[in-house]
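**Q** Right, I'll just put the structure down here and ask away after.
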């Protein structure tokens, strides 16, 4: 009852809980709930995971807001604004990182993030999104968090115009400087289908690149190429490129590889790269959950995940594929959509356009996740000023231009034809990365020093002079 009364006195806290609960609501609808045939067990596990993620996210934002309020009470408002912005950028990063790292498993990476509850996913769908070309993912979120903070505390509300004005200026400059692609163009086909029912073989005679979904090139051999893409007749050496992924089972290991395949109609498959980044919980079961399943003697559930869901990660960072002297494609499979740093890496290493081959059957058409997924793709496109092409199983296939506009989109069993404009220009974000987050670390260390060794007064009890 004590905590319920506290929540009633803090409506802002309730709003935070509601926001993060909505952001993680899709966990209650995935097909992972059917763990080893136990729907109840899956639902209980999903509720626990969602509740922990909501608690972590809410706590970080709430504590950061209290520290920022202490700064405003202690220092000049303009200096406080300068300190608050990177602190909120750091907070948004910590939310994305901690909600991933606590679910770290045997195939996990310490730089995995789950940025699925960031306000950036809202802002990137507005004109403010062009500011991401300067401030990045967490920087854009920081402006939104700071604006909400100023709006919620009446004493500081007068300063709300400051972050909005700065964000508007950065967005205008970001759009003006990077709105026009600087490279050549090429023709692409994007596939929308399902694992059970595929589109007919693609005639790529007037196409430079065909993008197939995740697992869209399963069991591909020289004898079965024609089931997916029509190869050249003997003597025809023209090259039409294709990419997608296949599932590779290893007889001596539990789990499977998700292998990105790249090739052309003259030579077949020429390059292979194993999936580098996995979804925590979806493709890599965390040590925490594994321990719990073993402790409760749920071996059947653990075996089910290991054999049916577990993916073995590749050892190397994915690198762009070259089509010709002017086109370099940064391609990833599905889960790299949660990692803005992967696509920034592509752009920084010369990629002129992006693709993603996805299979989203697990999410059962969740509108919340569909919005999050496309918003992340839009961030990749806008922040790096690159076309983004997504091919998908049981989800939307689409193409976004360098300014994040949807130029083509389809569901079901369709083939999209798109003219893609390469871009060789690197944005400030592509070159610098998440710089506001690092400034936030420095400001956080300064706050700890001030609080622990100088003021020795808790932020919540500090009064304005």
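The values are calculated or read from the model by the stated rules, or taken from the named source; none is laboratory data. None of these values were measured; they are calculated from a predicted model. Using ideal geometry, Cβ is built from the backbone for each residue, glycine included, and neighbour counts are taken over all protein chains shown.
**Q** With respect to the numbered conditions (1) buried (at least 23 other Cβ atoms within 10 Å of the Cβ); (2) closer than 27 Å to residue 437 by Cα; (3) within 16 Å of the chain's Cα centre (by Cα), which one is the sole condition not fulfilled by residue 345?
**A** All conditions are met except number (1).
**Q** Mind telling me which of the residues 56, 60, 49, 95 ends up being assigned to a helix (DSSP H, G or I), modelled with pLDDT under 95 and touching a helix residue (DSSP H, G or I) at 6+ places or on another chain (Cβ under 9 Å)?
**A** One residue alone meets the criteria, 49.
**Q** Can you name every residue in segment 325-338 that is in contact (Cβ under 8 Å) with a residue 24 or more places away in the chain and either in the same structural domain as residue 103 (by TED's automatic domain parsing) or out of contact with any strand residue (DSSP E or B) (no Cβ under 8 Å at 6 or more places or on another chain) (or both)?
**A** Listed by number, the residues that qualify are 326, 335, 338.
**Q** When you check residue 214 against the structure, is it over 30 Å from residue 146 (Cβ atoms), outside the structural domain of residue 409 (by TED's automatic domain parsing), crowded, with 21+ Cβ neighbours inside 10 Å and touching a strand residue (DSSP E or B) at 6+ places or on another chain (Cβ under 6 Å), yes or no?
**A** no
**Q** Scan segment 162-176 and report the pairs whose first residue is at positive phi and whose second residue is surrounded by fewer than 21 Cβ atoms within 10 Å (Cβ to Cβ) and in a helix (DSSP H, G or I), with Cβ atoms within less than 7 Å and a gap of 6+ or a chain change.
**A** So the pair list comes out empty.
**Q** Give segment 358-393 a look and list any residue that's in a strand (DSSP E or B) and either within 19 Å of residue 115 (Cβ to Cβ) or at pLDDT 95 or above (or both), or say none.
**A** 358, 387, 388, 389, 390, 391
**Q** Exactly one condition in (1) in contact with a strand residue (DSSP E or B) (Cβ under 8 Å, 6 or more places away or on another chain); (2) surrounded by 12 or more Cβ atoms within 10 Å (Cβ to Cβ); (3) in a loop (DSSP other than H, G, I, E, B) is false for residue 182; which is it?
**A** Among (1) in contact with a strand residue (DSSP E or B) (Cβ under 8 Å, 6 or more places away or on another chain); (2) surrounded by 12 or more Cβ atoms within 10 Å (Cβ to Cβ); (3) in a loop (DSSP other than H, G, I, E, B), residue 182 violates only (1).
**Q** Looking at the structure I just gave you, is residue 115 in contact with a strand residue (DSSP E or B) (Cβ under 8 Å, 6 or more places away or on another chain) and outside any helix (DSSP H, G or I)?
**A** No.
**Q** Name every residue in segment 237-254 that is more than 15 Å from residue 202 (Cβ to Cβ) and either touching a residue at least 60 places away in the same chain (Cβ under 8 Å) or not assigned by TED's automatic domain parsing to the domain that holds residue 324 (or both), in order of residue number.
**A** Residues satisfying the conditions are 245, 250.
**Q** Let me ask something else. Given (1) farther than 16 Å from residue 213 by Cβ; (2) in contact with a strand residue (DSSP E or B) (Cβ under 7 Å, 6 or more places away or on another chain), where does residue 244 come up short, assuming only one miss?
**A** Tallying (1) farther than 16 Å from residue 213 by Cβ; (2) in contact with a strand residue (DSSP E or B) (Cβ under 7 Å, 6 or more places away or on another chain), residue 244 fails exactly one: (1).
**Q** Those residues that are closer than 19 Å to residue 442 by Cβ and under 21 Å from the mean Cα position of the chain (by Cα), I need them from segment 41-85; list them, please.
**A** Matches in segment 41-85: 60 only.
**Q** So residue 237 ticks every box in (1) over 24 Å from residue 357 (Cα atoms); (2) out of contact with any helix residue (DSSP H, G or I) (no Cβ under 9 Å at 6 or more places or on another chain); (3) part of a helix (DSSP H, G or I) but one. Which box is left unticked?
**A** Failing condition for residue 237: (3).
**Q** So which residues in segment 351-387 are within 22 Å of residue 420 (Cβ to Cβ) and within 11 Å of the chain's Cα centre (by Cα)?
**A** 373, 374, 375, 376, 377, 378, 379, 380
**Q** Would you check if there is a residue in segment 135-144 being closer than 30 Å to residue 312 by Cα, without any contact (Cβ under 8 Å) to a residue 60 or more places away in the chain, assigned by TED's automatic domain parsing to the domain that holds residue 442 and surrounded by fewer than 24 Cβ atoms within 10 Å (Cβ to Cβ)?
**A** No - not one qualifying residue is present in segment 135-144.
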